[in-house]
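Nothing in this text is a laboratory measurement; each read-out follows from the coordinates by a stated rule. It should be emphasised that the depicted structure is a prediction, and the values quoted were computed from it without experimental measurement. Please note: Cβ atoms are built from the backbone with ideal geometry, for glycine as well, and neighbour counts cover all protein chains shown.
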Amino acid sequence: MKIAVCIKRVPEMDVRFKIAPSGTSVDETGLKWDMSDFDGYAVEAALQMTEKLGSGEVVVVTVGPDAAQETLRKALSMGAARAIHLKADPIPFDNFAIARALAAELQGGGYDLILFGKMSIDSSNGAVGPITAELLNLPCVAAASKLEVANGKGTARRELEGAAELLEFPLPAVVSIDEGVARPRYPSLKGIMAAKKKPLEVKPAQLGDVRMTVSTMALPPERPPGRILGDGVAAVPELVRLLQTEAKVL
Amino acid sequence: MANNVLAFAESRGGDLRKVAYESVTVARVLADATGGDVHVVVAGPPGIAAKAGALGTYGADVVTVVEHAAFADYNPEALSALLADRAKSGGYRVVALIASAQGKDLAPRVAGKLGVPLASDLTTVRLDGDKVVGTHPVNTGKVIATVTLAANPAVVSLRPGAVTAAEKPRSARVETAAPSGDPAASRVKVTQTIAGNTAKLDLGDAPVIVSGGRGLKAPENFKLVEDLAAAFGNAAVGATRAVTDDGWRPHSDQIGQTGRQVSPNLYVAVGISGAIQHLAGMRTSKTIVAINKDPEAPIFKVADYGIVGDVLEVVPALTAAVKAAKAH
């Protein structure tokens, strides 16, 4: 079982973002970076599958600047065997261009399964996985909340609005991973040491034309400051009055 | 011809979904800007054609219906092939979908088949000369990106609820068409659609959401949240990640960065401290109410109205007061 996992380096989100002077990106000063949340679930799912089988290889791939190698090293320290860095600085916002670069790399790689997080937590498009699948002409399930593979076949579950669906597909396939599939492990010290010696290949990303760009980035309008109406049950009548007369939601 | 817009009308179980009308409204607005027509594709099991006429009410000029038994469940490969083939044949300016659970899976496949990027989960969209411009929340909603798409056709998906379906009656021509290829031959097959509780409002559709966190102290106290939701009558129940991780509530109820992102008219946060992770899922709600015993809880920074107190006392009192207000 040979599994590729496509991951992305993203800023940690628990900060107040500032807009860069260019007006088209966030100011990266002081930001901390990590693997995108859903990509962590995908790496973990891949590792668990190969561990369960007792054989196989997990290869992690990223499109990004030099610093994205830290994210690849993290995946290696979790247990991936090797890494491929497709250099692009900055990462274009065009999900087709990124999918094109990934497909060019993955094509002919002999992967049984290609995993993605269901979306990157920064650009939040959820499109690169399914577009890559189209370019490779592979079956695809987006946002799987459960995934199992056996005997050249995969089964998955997807959450819908107030419902769910179960799916079946042949391998090789592309699957993007939702939360719930696997909680990512923390790299062990041994894993971190071993990761330093694992192969990390660097090549330029074959992005092609970029047809989707960010023309501006802005902070959303601030919410007007809220009011604490009071303490305990005594404040309930005032809350109900405001919900009726001011917010008009009751 | 190149001013026309192609919309996808989503269905489930042989019925159109609410988002089907939203996508027609999006297409109508874009088409009106340049004097184009709105063409809509509907696919479903035999019988779906009877529902197609309703799309004219929202501004469809032509509705193409494809009936096939293999469209009874979601059929991503056959649907994306159908939409992409339609888009190619018609010389459309824009292909519009809604970023529902189905749309999030379908839209990028259509874009991939057409060889173009996808402007996904937009909250607004407009034409700007030969480009399409949309706004899209990024970085868990803390930043709004304005995205410019220079591809033809432009494939866009709109966030559910971002556009309100508006009646704009046209005498829609309904025509039937054959699928692209054999829908029964798809490699990816839905083997079962598990219906949820249909009486239960989905978090994405509910005008009011009452959500509970660790401050409820024990899973059985979620009854208080459910009672308050029932008092509103049009409310769904949500939860924080802490609570779903502990198994108090199903994962599908989780609101936050890695769960559902919602923007109801009213969001009531019960015993929720307001971790960044949670705020990412609900900060765009129109009105936010917070009930929490800790006056320093970050949830009070985003709440329009706050009550400091024990949720086990305040919530039953609020439930009674809401019931009384509704009775008037």
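Quick one: B:L97 ticks every box in (1) away from chain A (no Cβ under 14 Å); (2) outside any loop (DSSP other than H, G, I, E, B) except a single one, so which number is it?
(1)
Which residue pairs have Cβ atoms under 6 Å apart, sit 6 or more places apart or on different chains, and have a first residue in the range B:201-212 that is more than 10 Å from every other protein chain (Cβ to nearest Cβ) and a second that is surrounded by fewer than 22 Cβ atoms within 10 Å (Cβ to Cβ) and among the aromatic types (F, W, Y)?
B:G212/B:F222
Taking the residues in the range B:116-131 that are within 7 Å of chain A (Cβ to nearest Cβ) and not hydroxyl-bearing (S, T, Y) as candidates, determine which candidate is surrounded by the fewest Cβ atoms within 10 Å (Cβ to Cβ).
B:V116
Output the number of residues of the range B:192-244 satisfying the condition of being farther than 20 Å from B:L279 by Cα and part of a strand (DSSP E or B).
Counting residues in the range B:192-244 that are farther than 20 Å from B:L279 by Cα and part of a strand (DSSP E or B) gives 4.
Considering only the range B:315-328, state which residues are more than 19 Å from B:N265 (Cβ to Cβ), touching a helix residue (DSSP H, G or I) at 6+ places or on another chain (Cβ under 6 Å) and either among the polar types (S, T, N, Q) or without any contact (Cβ under 8 Å) to a residue 60 or more places away in the chain (or both).
B:A317
Would you check which residues across the range A:200-250 are among the polar types (S, T, N, Q), within 7 Å of another protein chain (Cβ to nearest Cβ) and in contact (Cβ under 8 Å) with a residue 40 or more places away in the chain and list them?
Within the range A:200-250, A:T213, A:S215, A:T216 meet the criteria.
Is it the case that B:V42 is touching a residue at least 24 places away in the same chain (Cβ under 8 Å), part of a strand (DSSP E or B), over 23 Å from the mean Cα position of the chain (by Cα) and at negative phi?
In short, no.
Look through the range B:148-181, keep the residues that are part of a strand (DSSP E or B) and free of Cβ contacts under 8 Å to residues at least 60 places away in the same chain, and return whichever of them is farthest from B:A60 (Cα to Cα).
B:T148
Condition (residue is part of a loop (DSSP other than H, G, I, E, B) and in contact with a strand residue (DSSP E or B) (Cβ under 8 Å, 6 or more places away or on another chain)) applied to the range B:131-147: is it met by at least one residue?
Taking every residue of the range B:131-147 in turn, none turns out to be part of a loop (DSSP other than H, G, I, E, B) and in contact with a strand residue (DSSP E or B) (Cβ under 8 Å, 6 or more places away or on another chain).
Taking A:V181 as the residue in question, decide whether it is in contact with a Leu (Cβ under 7 Å, 6 or more places away or on another chain), in a loop (DSSP other than H, G, I, E, B) and buried (at least 18 other Cβ atoms within 10 Å of the Cβ).
yes
So in the range A:121-157, with the set limited to residues that are within 18 Å of the chain's Cα centre (by Cα) and among the polar types (S, T, N, Q), which one is surrounded by the most Cβ atoms within 10 Å (Cβ to Cβ)?
A:T132
Filter the range A:89-119 down to the residues that are more than 9 Å from chain B (Cβ to nearest Cβ), part of a loop (DSSP other than H, G, I, E, B) and under 24 Å from A:L171 (Cα atoms) and list them by number.
Correct list: A:Q107, A:G108, A:G109, A:G110, A:Y111, A:D112.
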